[in-house]
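Colleague: I have a structure here, written as structure tokens, and I will follow up with some questions on it.
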Amino acid sequence: MKKLLGLLLAMAVAFPASADVLKNVTLKGEIQTIASDVRHNDVTDARYNSGTNARALAGLSFDLVEDVRANVLFQYGYAWGTNNKANEGFDNADGMKLAEANVVLSNLFCCLEATVGRQFYGDENSAVMYFGPTHYNAEGVNLARALDAAKVSYSDDFKSFTMIAGKVADLSDGEDETTKDAAIYGADLKLNLTEALTLQAYGYDLRNVQYFEGGVWNDTDKNMGFYGAKLAFNPEAALLSVEYARNFAGDRLVKEHKDTGYMVKADGAINFEAVTARAAFLYSNGNFMAFGNYRPGLLIGDPMKGNIFDYTEDGVRMFNVGFDFKPYEKWTVSLDGYSFQSRFGRHSATLEADLTAKYAHNEYVELFAGVGYAKYGTEGNYNKTDFGKDNTKGQLGMLIKF
């Protein structure tokens, strides 16, 4: 951490010498600290965190010349009490990571915006595509994933369109073999059909990527990816959305295997002043693969790193009902209930209940806490055999953004 702050200070001190080039310099980043524990952990594979983890993101954004802006962001993550090696800097696997390093060209050809270099991409709540920092997830130090890519986008009042090509940046100390050295190509189109109705369609192809199918890792296909669409109706006090995504894999684009992965996800919400009622449904087979960040529940969704689609070899069928309350201006309290089964529902479900609270100290600082209880069913990656009949988890955290 000291080396990270020292590097940023040195960069800031050097800026006045180039004041004629660097303009509108701003410091950006965030610090997230989460402490958590559970009553039961798998004795052979501790899937839940017991302790405190922290992640710091810090960097600079500045104008180089007219319509050209540069972004640099470093990250460092560690567990409290560990022998971290921050002083070894970038040469050590446990040192700092270059999370973002890109240049943004605005008004390109009068109507386009291009981002070239290491960058974050996607929506943090997406079940299919997100590269960037995650929040409120206690397991691991949560190093942000990124893409080394060239992205071109266009938008107006009716539509927005994005094309991206590059490689998945390896920022996870080599732990994620699924995305190691994978090239990615994709496009995303969003149409504002009315003020409240939007339609989104997307497709992504990956090369040199491994995926799990039929109990083995497969890396023989030239192409592997997914495509899908999302329809959302979002009037002033309600939300209803439905999303369908489907995998492909083979020696040509959109070629499917016998048991192609797919996902269906539906969400709804109604706002009653200080109370918001929510519901969600997810259904997928066991072969679906994507790069999303959907984490339903403190216990079941959190340690799966957003990939809840492998809840069992047969996939997952999930139901969620929740409520958000705002008893005071700075407080938000949420109550959620979940049911997890394989998509066939052949065995008893794992049931989970979560109570979480967030306190906005100011516009930059948020404190949060949560407690979750799970009653395990007889199937899935989290079951009675591994954890006993039930489990309880608690966590406390702080998030500072600047």
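Colleague: Under the Karplus relation 6.51 cos²θ - 1.76 cosθ + 1.60, θ = phi - 60°, what is the ordered set of whole-Hz ³J(HN,Hα) values for segment 243-249, x standing for Gly and Pro?
Modeller: With the stated coefficients, segment 243-249 comes to 10, 10, 9, 9, 7, 9, 6 Hz.
Colleague: Then there is this: Rank TYR338, ALA353, TYR376 by how far each Cα sits towards the positive end of the charge dipole of segment 316-402 (+1 on Lys, Arg Cβ; -1 on Asp, Glu Cβ) and give me just the farthest.
Modeller: The residue sitting farthest along the positive end of the dipole is TYR376.
Colleague: Right, here's the next one. Report, in debye and to the nearest 20, how large the dipole of segment 108-201 comes out about its Cα centre when Lys and Arg carry +1 and Asp and Glu carry -1 on their Cβ.
Modeller: So the magnitude is around 280 debye.
Colleague: If you don't mind, another one. Given the peptides 330-339, 129-138, arrange them by the average over their residues of other C-beta atoms within 10 Å, most packed first.
Modeller: Descending packing order for the listed peptides: 129-138, 330-339.
Colleague: Label-point separation (nm) for ALA183 and VAL25, each offset 7 Å from Cα along Cα-to-Cβ?
Modeller: Going by the 7 Å Cα→Cβ label model, 3.8 nm.
Colleague: Sticking with this one: Probe radius 1.4 Å, ligands and nucleic acids ignored: give me the carbon and sulfur share of the accessible area of the chain as a rounded percent.
Modeller: Solvent-exposed carbon and sulfur of the chain make up 57 percent of the total.
Colleague: What's the ranking of 318-324, 305-311, 363-369 by average number of surrounding C-beta atoms within 10 Å, highest first?
Modeller: 305-311, 318-324, 363-369
Colleague: When the chain is fully extended, how far beyond the present Cα-Cα distance does ASN107 get from ALA360, taking 0.36 nm per residue of separation?
Modeller: Difference between extended and current length: 87.4 nm.
Colleague: Ok, one more. Give the accessible surface of the chain per residue, rounded to a whole number of Å², with probe radius 1.4 Å and ligands, DNA and RNA excluded.
Modeller: Accessible surface, normalised per residue, equals 50 Å².
Colleague: Would you mind classifying the chain by shape? Square roots of the alpha carbon gyration tensor eigenvalues, ordered a ≥ b ≥ c; an a/c under 1.5 is rounded, otherwise it is prolate if a/b is larger than b/c and oblate if not.
Modeller: Judged from the Cα gyration tensor, the chain comes out rounded (a/c under 1.5).
Colleague: Where the only charges are on Cβ atoms (+1 Lys, Arg; -1 Asp, Glu), what is the dipole of segment 28-82 about its Cα centre, to the nearest 20 debye?
Modeller: Dipole size: approximately 220 debye.
Colleague: If you don't mind, another one. Multiplying the sequence separation of ALA237 and LEU199 by 0.36 nm and subtracting their Cα-Cα distance, what value in nm do you get?
Modeller: 11.8 nm
Colleague: Considering only lysines 8 or more places apart in sequence, or on different chains, count the pairs in segment 224-376 whose C-alpha atoms sit under 30 Å apart.
Modeller: Step by step, the pairs that qualify in segment 224-376 add up to 21.
Colleague: Given the DSSP H assignment, sum -39500 (n - 2.57) over each helix run of at least 4 residues in the chain and divide by its residue total; what's the result at 222 nm in deg cm²/dmol, nearest 500?
Modeller: Here the helix-only value at 222 nm equals -1000 deg cm²/dmol.
Colleague: So who's got an amide H within less than 5 Å of the one on GLU256, skipping anything under 5 residues away but keeping other chains? H placed 1.01 Å off N, in plane.
Modeller: ALA249
The values are calculated or read from the model by the stated rules, or taken from the named source; none is laboratory data. All values reported here derive from a predicted model rather than from experimental measurement. Note: ideal-geometry Cβ built from the backbone for every residue, glycine included; neighbour counts use all protein chains shown. Accessible surface areas use protein heavy atoms only, side chains included; no ligands, DNA or RNA. Shrake-Rupley method; radii C 1.70, N 1.55, O 1.52, S 1.80 Å.
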